[in-house]
Each structure stands twice: as structure tokens, then as C-alpha cells.
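The next block holds one structure in the form of C-alpha cells; read it before the comments.
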Amino acid sequence: MSQILSEVLAANQGYASTFDKGDLPMPPGRRFAILTCMDARLDPAKYAGLSEGDAHVIRNAGGRASDDAIRSLVISYKLLGTREWFVVHHTDCGMETFTNDVMGDLLSSSLKTASIDASGWHDCCQGPGCTDGKYINWLTIANQEQSVLEDVTRIRRHSLVPADIPIYGYIYDVRTGRLVEVPEATAAGAAA
């Protein structure tokens, strides 16, 4: 058993020993959802004041409005009653450090973990690699404000998203902990 696995299982045992949330209902109590990045520095429960059962939190690399993220938001609304959605990207995001071409090239040369330095991303190892990564849109980010606007707009225009759901656009500042509104995105996500 790895040290990480041991630590996670020990932490879970301690958590379960005082667990008292077994009767929470499935729908989120505060009736909203957050789409945000998987970055370990972001704790949506803390930056949005959440407790278990309050809201849906959907996370992926960059907090992007991928097909799967929109699928989750639609389920959140249609079956579980959320009425407001937030798209929250963040400063100093790893998705700003590469392009689709860079990722495709890295994967083509090796599937092992790459490293980054002042001159960019580098593979540490020789193959095997795979060219399949060249055919994926990795939803990289060149500009945070623009990416939040793009994602809110993509969600708003989706045929399965009701017009009466407000969608707010924000950037979480990893240095200050503050949510900073992207006004153009929130305007694009305004409920009809």
C-alpha cells in the first residue's frame, strides 16, 4: 500500500467516525452550481462559503465549459433543481502554460510526466508516446477574462440550457482569495 493511499484511508476513517451528514437530501440546499478548475489551490467550499449539501461543484482542468461540464450543469438543473450557475476560472492557471500543439507534441514523444522551466515544457523521458493527443482540443487558456466570457457564452447558447438561469463569470485570485467578477461574462450569462 502506498503512503498516499494509507494517509487517505486513515483520514477517511477519522472523518467517518464522526460523520453526521447521512441524511442530507440529494438536491443541493442552496440551489446553485459552480463550474471551476481542479487546481488544488482552489477550495470552493471556502471561497464560496459552502458546507456539505449546499451546492454542486463541477471541476475540470481550467474550469472550462466542456461538453461533460455542460452535461453536469444540465443534470444539476433539470433533475436536482439548481437555479443559478457560476463559472470560476483563476489566476496563475496551468492551462495558460501550454497550447494544443505543445500538449500534442509532448504526448507524441512520451506519456510520462513532463516538466516545465523558463523555456517551456519538456519531456523527461523517451517514449512510448501517442499521437492521439494531437486530435483533442485541450481547452487551453490564453486570456482569463476571455476564457470566462467564452465559457459563459457557450453555456448560455447551449440548446439544453434554459434562458431563465443566470450564469455568473468570475476569476478567483490565487494570491488574495478574492472572486473578481468578469462583467462582460456575467452580462452574457444574464437570465432572460
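The values are calculated or read from the model by the stated rules, or taken from the named source; none is laboratory data. Since the structure is predicted, the reported quantities are computational estimates derived from the model, not experimental observations. Heads up, the Cβs are rebuilt from the backbone with ideal geometry, glycines too, and the neighbour counts pull from every protein chain shown. Please note that ligands, DNA and RNA were not included when accessible areas were found on the heavy atoms of the full protein model with its side chains. Shrake-Rupley method; radii C 1.70, N 1.55, O 1.52, S 1.80 Å.
Assorted remarks:
- Extreme residue, nearest to Ala142 (Cα to Cα), among residues of segment 49-73 that are open to solvent by 30 Å² or more (accessible area, probe 1.4 Å) and of a type in the set (A, V, I, L, M, F, W, C): Ala61
- The residues listed here are Asp117, Asp101, Asp105; of these, the one that is open to solvent by 80 Å² or more (accessible area, probe 1.4 Å), modelled with pLDDT of 95 or more and of a type outside the set (S, T, N, Q) is Asp101.
- Residues of segment 174-192 classified as open to solvent by less than 40 Å² (accessible area, probe 1.4 Å) and either within 22 Å of Asp92 (Cβ to Cβ) or in contact with a Phe, Trp or Tyr (Cβ under 9 Å, 6 or more places away or on another chain) (or both), total: 6
- The single condition from (1) among the polar types (S, T, N, Q); (2) surrounded by 13 or more Cβ atoms within 10 Å (Cβ to Cβ); (3) touching a Ser or Thr at 6+ places or on another chain (Cβ under 6 Å) that Thr131 fails is (2).
- Test result for Leu139, of a type outside the set (D, E, K, R), out of contact with any Pro (no Cβ under 8 Å at 6 or more places or on another chain) and on the phi > 0 side of the Ramachandran plot: yes
- Looking only at residues in segment 1-42 that are touching a Lys or Arg at 6+ places or on another chain (Cβ under 7 Å) and assigned to a loop (DSSP other than H, G, I, E, B), the one that is nearest to Ile75 (Cα to Cα) is Arg31.
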